[in-house]
Amino acid sequence: MSHFSTVKTKLANRECLVQALQNLKLSPQVHETAQPLKGYYTRISHK
């Protein structure tokens, strides 16, 4: 049986986060202000 959890966190150290993403071979985009996210939830159709 599957179990889903919701987790809230605050990312306080930008440099550590960017470095961790780069270590995973990702190319993070860094912005000074909050930006709308595009991804899974923008592709699902709500009925």
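The values are calculated or read from the model by the stated rules, or taken from the named source; none is laboratory data. Quantities reported herein were computed from a predicted structural model and do not represent experimental measurements. With ideal geometry, Cβ positions are generated from the backbone for all residues, glycine too; neighbour counts draw on all protein chains shown.
Annotations
- Residue in segment 2-17 that is aromatic (Phe, Trp, Tyr) and either more than 14 Å from the chain's Cα centre (by Cα) or modelled with pLDDT of 90 or more (or both) present: yes
- Residues being among the aliphatic types (A, V, I, L, M), at pLDDT 90 or above, part of a helix (DSSP H, G or I) and out of contact with any strand residue (DSSP E or B) (no Cβ under 7 Å at 6 or more places or on another chain) are entirely absent from segment 22-45.
- Cβ separations smaller than 6 Å between residues 6+ apart or across chains give the following pairs from segment 9-26 residues that are surrounded by 10 or more Cβ atoms within 10 Å (Cβ to Cβ) to residues that are of a type outside the set (Ser, Thr, Tyr): 17/11; 18/28; 21/28.
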